[in-house]
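J.: Quick one: the structure is below, and I'll ask about it shortly.
The values are calculated or read from the model by the stated rules, or taken from the named source; none is laboratory data. The structure displayed is predicted, hence computed values, not measured ones. In this analysis, Cβ positions are derived from the backbone assuming ideal geometry, glycine residues included, and neighbour counts consider all displayed protein chains. All accessible areas refer to the heavy atoms of the entire protein, side chains included, with ligands and DNA or RNA removed. Shrake-Rupley method; radii C 1.70, N 1.55, O 1.52, S 1.80 Å.
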Amino acid sequence: MTSEDEANAAAVAAEEGAEATEGKNWRRKGKHDKPKPWDEDPNIDHWKIEKFDPSWNEGGMLEVNSFSTLFPQYREKYLQESWPIVKGALKEHGISCELNLVEGSMTVSTTRKTRDPYIIVKARELIKLLSRSVPALQAIKILDDEMNCDIIKIGGLVRNKGNTVAAMGSYTGRGLKQVRRIVEDCMKNLKHPVYHIKELLIKRELAKNPALATENWDRFLPKFKKKNVKQKKPQTKEKKPYTPFPPPQQPSKIDAQLETGEYFMSEKKKSAKKWQEKLEKQSGKAEENKRKREAAFVPPKENTAGPSESVKTANDNSEIADIAKSLKEKAKEFRKNKAQENVRAESYLASNEEPCPKKKKSTKSK
């Protein structure tokens, strides 16, 4: 091989290597991550949800999509009554629905008149809400573009019967996110919903003030301390040791009578035995009542206390005697004062009762 041939082979290999590197660069990730002219356009609202226009999809759906869900038995009567309203609301969007009372299911599917491809997802959420005890007039609002729903699962958070919580709202104002947070904190016993509502009310008032829009609101929000309330411990029964053998059979009433010989006794003897047992029971009760009555007449025990206790009782007796002596003196003085008051009252009455001197009648001379 000459030097010219070698040079030509090297040039071909270089061109092939360049093509290979170009191919690798062409397949790299993020090749479309380039600034778009409409990303920073102030006239475009990227969060605005435009209402669907049927002219955007005049051809309709190519395939039939359907969803179905089950509902509990207690909802059967309500769904049967409100199904015409649901059927009319879905018919406006070109969706067909079916209520199967035998299987206990609801089914929605697209038709040739369906234009909006996302409306079937909204219809699926509608039947989910209906199966979770949401009223029909409220559940129909989910067909609007600005309305969304969130099914919060709480089956693993509570001990009582309850699996899901259905919430309706919008994601634009963090409404559904806040509802999920409130429900989960309540089920986990972290914070009562009242405290969350107070915080939301305060935040709504602070949002009205433009001066506080860029400040931290933590100093305005209330801080609640969690109190540990003692709960009653559930009573657990002690588990008996496992034995593969069944418990021994208890003797029947006839077996007990056979053991005591009562089974072979006549009816007259049986009645006499019952009467004797009754009398013995009454006599035992009467003796017990008699002991209770006689216990009231039993004299108290004599004081057999030591010298220190006797001195203490003597001091107590002396104090009682002094109190009694002072009370007697006060009573004597009180009687004396009362007697003097009575004497004064009698003297006063006696002075008032003295007869007045009668005036002599003057005799006129005729």
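J.: I'm trying to understand the selection: among the residues of the range 194-223, which are under 20 Å from Arg181 (Cα atoms) and in a helix (DSSP H, G or I)?
T.: Selection gives Val194, Tyr195, His196, Ile197, Lys198, Glu199, Leu200, Leu201, Ile202, Lys203, Arg204.
J.: Could you look through the range 142-163, keep only residues that are surrounded by 15 or more Cβ atoms within 10 Å (Cβ to Cβ) and either among the polar types (S, T, N, Q) or free of Cβ contacts under 8 Å to residues at least 40 places away in the same chain (or both), and pick out the one that is farthest from Tyr78 (Cα to Cα)?
T.: Across the range 142-163, the extreme among qualifying residues is Ile154.
J.: Turning to a different aspect of this structure: Which numbered condition in (1) in a helix (DSSP H, G or I); (2) over 30 Å from Trp83 (Cα atoms); (3) not charged (D, E, K, R) is the only one that Val158 fails?
T.: The number of the failed condition is (1).
J.: Would you point out the residue of the range 131-141, among those that are open to solvent by 40 Å² or more (accessible area, probe 1.4 Å) and within 27 Å of the chain's Cα centre (by Cα), that is nearest to Thr114 (Cα to Cα)?
T.: By that ranking, first place goes to Gln138.
J.: Which numbered condition in (1) of a type outside the set (Lys, Arg); (2) assigned to a loop (DSSP other than H, G, I, E, B); (3) open to solvent by less than 90 Å² (accessible area, probe 1.4 Å) is the only one that Leu190 fails?
T.: (3)
J.: Still on this model: Which one of the conditions (1) among the acidic types (Asp, Glu); (2) surrounded by 10 or more Cβ atoms within 10 Å (Cβ to Cβ); (3) at pLDDT 85 or above does Glu267 fail to meet, given that it meets all the rest?
T.: Condition not satisfied by Glu267: (2).
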